[in-house]
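The values are calculated or read from the model by the stated rules, or taken from the named source; none is laboratory data. Computed from a predicted structure; not experimentally measured. Here Cβ is always computed from backbone atoms with ideal geometry, including for glycine, and neighbour counts include all displayed protein chains. With ligands, DNA and RNA removed, areas are computed over all heavy atoms of the protein, side chains included. Shrake-Rupley method; radii C 1.70, N 1.55, O 1.52, S 1.80 Å.
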Amino acid sequence: MITPRRSLLVGASALPLFSIRAQAQSTLNITIASSHPVAVFWVAMMKNVFQPEVDKLLRDNGNTHKINWREAYGGTLYRFQDTMEAVRDNITDIGYVGTLWEGSTMPLQNVTYFTPFATGDHGLVANTFERMNETVPAIRQNWEGLNMIPFTSYITDSYHLWTNFPVNSVADLRNRKISAPGTSANWLQGTGATPVDGALTTYYTDIQTGVSEGALSFFVGILPTRVYEVAKYITKVDIGAMYVGGIAANRQRYSRWPEPVRQAMVTAGKTTTQRHIEDVSQRIAAAEREMVSKGAVISTLPAADRARWISGLPNIAKTWVDSSGPAAPDVLRAYFAAIRAAGQTPGRNWDQEV
């Protein structure tokens, strides 16, 4: 039996709209990767917030583009020393770039590590870098010059002391060995403590075996290491929250994606930064409760001793300015202007000392 042509046309016109849209939908294969596992809170934001938010935005924007995420979390493609190179060289299309490990290639983004006691407000630090990545020409050019487009701004909560001895004053740190890797070793100058190189993954064993007697760290990062078992004295010092980089895309790959996809990435990045701020706030409170429940003893360093610690530091901000290029003074001023504009008073006015 031959079906009349009119019946075929009517049948076609009766097809639901979503099937026509599905035929027009394009699928992009995009690799997203990190040097750390999803259990790390920065990476968790990539998988649990950024990716779903991009997918949602694309669906809401007509559903004409779909991303096939090729996930390579947990260091399957590269190590933490190579996060910048992996994105720059398109080993991954999108990845977490740890600027804290890029002192030589991304020195301007490391301003927070050379201005301790500036602010412990992690939300302020994140939002400040959201703006600075876009509005400070030298920082924007640095990202672009390294073939990357940043989407988010990641931070730590404020740094404090974990020790196996009580700390009631700065004097209690004299002749003590404290794990403080990299730039954070500078924060102990003038206290009489000896910095010991290491990482979150080594603190527990180092303290347990006597290599060190404590560590400088932050609640959210140190909780999974259970360092409080071997260093039960937690002294709140509020050394400051630190900017540590964020999710970024390879610039060339980004430029080839359709405009709706690029816009979804940018918008999802901003949402992820705000969710990251909220997540860290919740994790701090939860970490404190858990540590106390397991026997940790939390105290706060007296204000007078904190002031002595701050004033005893050498001018490490000037050292950073002198080695970070002609734009460093502008970055320093922009950072401190944002802190003061938020109604906060820095523990030390590093920008006025260079």
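Backbone amide hydrogens, once placed in the peptide plane, bring Asp93 within less than 5 Å of Thr31, excluding anything fewer than 5 places away on its chain. Springs between alpha-carbon atoms under 10 Å, Gaussian network over the chain: tell me which of Phe151, Phe218, Phe165 tops the mean-square fluctuations. Comparing Phe151, Phe218, Phe165 in the GNM, the peak value goes to Phe165.
3J(HN,Hα) couplings calculated from phi for segment 52-66 with the Karplus curve 6.51 cos²θ - 1.76 cosθ + 1.60 (θ = phi - 60°) are, in sequence order, x, 5, 4, 4, 5, 4, 5, 5, 5, 9, x, 6, 8, 10, 9 Hz; Gly and Pro show x. Working note: Debye formula, equal point scatterers on the alpha-carbon atoms of segment 119-165, no solvent; log10 I(q)/I(0) at q = 0.16, 0.20, 0.21, 0.30 Å⁻¹ is -0.54, -0.71, -0.75, -1.07.
If you take the charge dipole of the chain about its Cα centre, with +1 on Lys and Arg Cβ and -1 on Asp and Glu Cβ, which of Tyr254, Trp101, Ala199 is farthest toward its positive end? Farthest towards the positive end: Tyr254. Taken over segment 310-354, the convex hull of the Cα atoms encloses 56 Å³ per residue.
Using a Gaussian network model of the chain in which every pair of alpha carbons under 10 angstrom is joined by a spring, one finds that among Ser179, Ser158, Ser293 the greatest mean-square fluctuation is at Ser293. Using a Gaussian network model on the chain with a 10 Å cutoff between Cα atoms, which of Ser26, Ser184, Ser217 fluctuates the most? Highest fluctuation among the options: Ser26.
Using only alpha carbons, segment 142-286 has a radius of gyration to Kirkwood radius ratio (Rg to Rh) of 1.11. Applying both filters, DSSP loop and at most 14 other Cβ atoms within 10 Å, to the trypsin sites (Lys or Arg not before Pro) of segment 165-241 gives Arg174, Arg226. For the chain, the Kirkwood hydrodynamic radius from C-alpha pairs, put into Stokes-Einstein at 25 °C and a viscosity of 0.890 mPa s, yields a diffusion coefficient of 111 µm² per second. Between Val292 and Gln344, the simple label model (points 7 Å from Cα in the Cβ direction) yields a spacing of 2.3 nm. Convex hull volume of the Cα atoms of segment 74-227, normalised per residue: 123 Å³.
Give me the dipole magnitude in Debye, nearest 20, for the chain about the Cα centre, with unit charges on the beta carbon: positive for Lys and Arg, negative for Asp and Glu.
Dipole of the chain, to the nearest 20 debye: 920 debye.
For His65, the residues whose amide H sits under 5 Å from its own are Ser26, ignoring neighbours fewer than 5 places away on the same chain, with H placed 1.01 Å from N. Near Ala72, the amide H atoms lying under 5 Å from its own belong to Ile32, Ala33, Ser34; only residues 5 or more places off or on other chains count, and H is placed 1.01 Å from N. Put a dot 7 Å past the Cα of Glu259, heading toward its Cβ, do the same for Arg308, and the two dots end up 6.3 nm apart. For segment 255-270, putting each phi into the Karplus relation 6.51 cos²θ - 1.76 cosθ + 1.60 with θ = phi - 60° gives couplings of 5, 8, 6, x, 3, x, 6, 4, 5, 4, 4, 5, 5, 5, x, 5 Hz, in residue order, rounded to whole numbers and with x for Gly and Pro.
Remark: segment 167-176, residue by residue, has Karplus-estimated 3J(HN,Hα) of 10, 9, 7, 4, 4, 5, 8, 4, 6, 9 Hz, where x stands for each Gly or Pro and the curve is 6.51 cos²θ - 1.76 cosθ + 1.60 at θ = phi - 60°. Computed on segment 51-152, the Cα convex hull volume stands at 140 Å³ per residue. Using the 1.4 Å probe convention, the accessible area of the chain works out to 44 Å² per residue with neighbouring protein chains retained.
With coordinates expressed along the principal axes, the C-alpha atoms belonging to segment 232-354 extend over 56, 44, 26 Å, beginning with the largest.
Short-range pairs are left out: with C-alpha atoms under 8 Å and at least six residues apart, the relative contact order of segment 110-168 is 38 percent. Placing unit charges on the Cβ atoms of the charged side chains and taking the dipole of segment 110-219 about its Cα centre, the candidate lying farthest along the positive direction among Thr119, Thr156, Pro166 is Pro166.
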